[in-house]
């Protein structure tokens, strides 16, 4: 089986796995961790609630946590700057967790699914184009988890992975935190902007940082 077919098959299986979590448990987690509930909870425990905000965002790598609502709640309680930093930290840690798990626990599985030569080609492909996939996926449901796992599975260079993850996460965290502070700007245009800006500046960042 060619590498591209195996990659698409793995992408489909991972997407199905994460989608199943949303299908079976999405409504429950949406009710428990709704934006309104999180605002009340975070406000009552403001001194330590940021820790739980980060932990909830990290758990989004496995559980169907409404991450955008949590970021908005962080903005409501902590304000734009602090809320963005908390949301950014939690989302980046979630990405690193998925990447690390796939990279260090998936080596044997990778060799079962593909030859060493195919894995090297997969790594080269992800090193070349994975950054764009990571950046674009951050604003979408399910795909952030899938792409970070694929990046780890491909053994993508960690430095390149981290910087592209940060570049894609920061504007998204800023957007939803901004919306949580009560500002009207957002919606479709805001999400397009949150993707377009890091995608456009990524080639410059990659060139000058040599990642």
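The values are calculated or read from the model by the stated rules, or taken from the named source; none is laboratory data. Bear in mind the structure is a predicted one, so any value in this text is a computation, not a measurement. Because the Cβ atoms are built from the backbone with ideal geometry, glycine has one as well, and the counts that use them run over all protein chains shown.
Key figures
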{"item": "Residue check, residue 43 assigned to a helix (DSSP H, G or I), touching a residue at least 24 places away in the same chain (Cβ under 8 Å), surrounded by fewer than 17 Cβ atoms within 10 Å (Cβ to Cβ) and in contact with a helix residue (DSSP H, G or I) (Cβ under 8 Å, 6 or more places away or on another chain)", "result": "yes"}
{"item": "Condition met for residue 16 (under 22 Å from residue 144 (Cβ atoms) and assigned to a loop (DSSP other than H, G, I, E, B))", "result": "no"}
{"item": "Selected residue [at negative phi and at pLDDT below 85] from 109, 131", "result": "109"}
{"item": "Sole residue being within 19 Å of residue 93 (Cβ to Cβ), surrounded by 14 or more Cβ atoms within 10 Å (Cβ to Cβ) and at pLDDT below 90, chosen from 63, 74", "result": "63"}
